Amino acid sequence: MKYHLQFTYLLASLFIAFIIAGCSSSGPVIGEKDSVEQIIQKVNARTGIVKTHKGYGQISMDSPEFSGQGSIDLRIAKPDSAYLKIGGPFGMSIALGLITSEQLKIYDGFNNVLREGETTERNLHRVFGMSVQFDEILDVLTGTAGIEPLEGSGAPTRTMAGSAYGLVYSNDFGSREYHIDPDYGAITRIIERDKAGAIVYDISYRDFRKVEGEYLPYIIKVMRPQQDESLSIKYDRQFINERPIDFAFSVPESARKIEL
């Protein structure tokens, strides 16, 4: 009986210790005493946590030229490659894209047309339905954007945006504001304004979850109010740093080819 009681007490103690350990937190990545330089360093360290990325979910786009939604299969290999497949009802492929820093291929499933050309802002507009630069795409779509000062802005102003830290860069042409979650050390919002204070673009990251030990957003939204454009992605599943990553790009032989 004595040994049975000792074993019971030991088991109970281990169970309590396990629960406490599971509920404990390692603390926020960014502390109240961190300097602006330390905050920037910690946030920018996130840009390197994703080498490859696979994401599956839903995408919606809205612009004066196009509005629609569908499923998305997105695969990224940093620093210069992205593959995406946008699907519609009944397994239909609405669009297929393979994009590198130099070349892109876009397949229009509705019209059975393959468009090929250089990776320019104009051509990327055909993929995302809005104006984007290639070097913005990979970090934005993986939720690992870093802090980039505006040219000629000097040191940022430190603010509080709710429970998040804020860093604001300003120059003669406008401002760029970063909202940073201290728990994850991650950017949750980027707002750029022109010199009149009007929003040029607004990027938000929400619903952070742990993926292979790293916290990534599951909801990403990009808005350009002046162009009346928006793009939203809601991931159902994400996988990072898996190799090899498949960029199989296959279109029907009957597809009509157009040079962009």
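Within region 102-140, being modelled with pLDDT of 85 or more and aromatic (Phe, Trp, Tyr) holds for one residue alone: 107. Look at region 31-52: where a residue is surrounded by fewer than 11 Cβ atoms within 10 Å (Cβ to Cβ) and a partner is of a type in the set (S, T, N, Q), sitting 6+ places away or on another chain with Cβ atoms under 9 Å, you get 48/144. When you scan region 226-245, do you find a residue that is outside any strand (DSSP E or B), loosely packed, with under 12 Cβ neighbours inside 10 Å and of a type in the set (A, V, I, L, M), even just one? No, region 226-245 contains no residue that is outside any strand (DSSP E or B), loosely packed, with under 12 Cβ neighbours inside 10 Å and of a type in the set (A, V, I, L, M).
Residues considered: 169, 184, 165, 178. Of these, the only one that is within 21 Å of residue 37 (Cα to Cα) and in a loop (DSSP other than H, G, I, E, B) is 184. Looking at 80, 73, just one residue is closer than 13 Å to residue 247 by Cα, surrounded by fewer than 17 Cβ atoms within 10 Å (Cβ to Cβ) and at pLDDT 90 or above, and that residue is 73.
The values are calculated or read from the model by the stated rules, or taken from the named source; none is laboratory data. Not measured: the values here are computed from a predicted model. Every residue, glycine as well, gets a Cβ built from its backbone with ideal geometry; the counts of neighbours run over all protein chains shown.
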